[in-house]
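Trainee: My structure is below; once you've seen it, I'll send some questions.
Read the figures in this text as sums done on the coordinates, not as results from a lab. Note that the coordinates shown come from a computational prediction; the quantities given were computed from them, not determined experimentally. Please note: Cβ atoms are built from the backbone with ideal geometry, for glycine as well, and neighbour counts cover all protein chains shown.
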Amino acid sequence: MLAISVKTETGADRSRPTAAELAGLLRRIGGDGDHFVVVDRLPAEDQVYVQTWRDGDGPFRVAQAFAALGAEGLTARMDFTCCSRCGLGEMAAERAEGDRGFAFFHHQDTESAAEGHGLAVRYGSYADFEEASGEAPARQAPADERAEIGRAVAAALGEAGLSVRWDGDPDRVIEVTPLDWRKRLPAGA
């Protein structure tokens with residue numbers, strides 16, 4: 001028989017719940033605002049872990065902000081590439097017709113957020129890329145153009161209920177912190 005231990009959102013730790021108690025706990029999963037359930041069994045242990053995430057959690061709010069950015073004519077990609085250099089190098093290929101700029105965070109940013117360090121969001125103007133080749137030009141777009149994209153990104157994050165730290169400098173990333181990030185991003189996010 002599998003020994004089941006349950007830790008609830010209130011911190012209650014229930015070891016070996018009865019079938020009725022476990023059924024009651026499982027009925028709560030999938031309630032209003034619940035979207036994901038993750039069940040993990042650690043290979044070296046005889047334990048299974050179940051977690052749910054709600055609408056108010058950080059990843060859902062970030063996804064909401066990125067969807068809004070896409071509707072505003074910005075290419076918005078989550079967990080995009082491995083690092084900043086690759087993200088910037090590949091962003092022009094992601095551009096949809098009419099997009100004037102972009103925002104993204106890369107895999108290292110996602111890992112950092114999951115470790116409790118907040119999320120760094122990068123952004124820029126497509127004027128930073130040569131139209132014909134997608135290559136980064138020798139000069140950047142004017143600072144006011146890049147700052148306008150940054151303001152749009154910061155506003156979308158703030159409107160999604162996230163705490164944004166950015167001083168308006170178009171050469172600095174936008175920080176989202178604190179951030180409760182536990183959810184695994186779906187493939188292709």
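Trainee: Roughly speaking, what is the stretch gain from Ala143 to Ala67, that is 0.36 nm per residue apart minus the C-alpha to C-alpha distance, in nm to one decimal? List each step's numbers first, then the result.
Mentor: Details: separation 76, 0.36 × 76 = 27.36 nm, distance 2.50 nm.
Gain in length upon complete extension: 24.9 nm.
Trainee: Would you list Phe105, Phe60, Phe80 from fewest to most Cβ contacts within 10 Å? Display every interim value, and only then the final one.
Mentor: Working: Phe105 27, Phe60 18, Phe80 22.
Placing the least packed residue first, the sequence is Phe60, Phe80, Phe105.
Trainee: Using the Cα atoms of the range 58-176, I'd like the radius of gyration and the largest Cα-Cα distance, Dmax, both in angstrom.
Mentor: Gyration radius and largest Cα-Cα distance of the range 58-176: 13.3, 40 Å.
Trainee: Starting from the Cα-Cα distance between Glu97 and Thr177, subtract it from 0.36 nm times their residue separation and give me the gain in nm to one decimal.
Mentor: Values: separation 80, 0.36 × 80 = 28.80 nm, distance 3.21 nm.
Residue separation times 0.36 nm, minus the Cα-Cα distance, leaves 25.6 nm.
Trainee: Let me ask something else about it. Quick one: net charge around Gln108, please, counting Lys, Arg +1 and Asp, Glu -1 for every other residue with C-beta under 13 Å from its C-beta. Write out the running numbers ahead of the final one.
Mentor: Values: positive: Arg85, Arg122; negative: Asp79, Asp109, Glu111, Glu115.
Overall, the nearby charge balance is -2.
Trainee: Amide H neighbours of Arg14 under 5 Å, at least 5 residues apart or on other chains, H built in the peptide plane: list them.
Mentor: Under 5 Å from the amide H of Arg14 lie the amide H atoms of Val6, Lys7, Thr8, each far enough along the sequence or on another chain.
Trainee: Starting from the Cα-Cα distance between Arg16 and Cys82, subtract it from 0.36 nm times their residue separation and give me the gain in nm to one decimal. List each step's numbers first, then the result.
Mentor: On the way: separation 66, 0.36 × 66 = 23.76 nm, distance 4.19 nm.
Gain in length upon complete extension: 19.6 nm.
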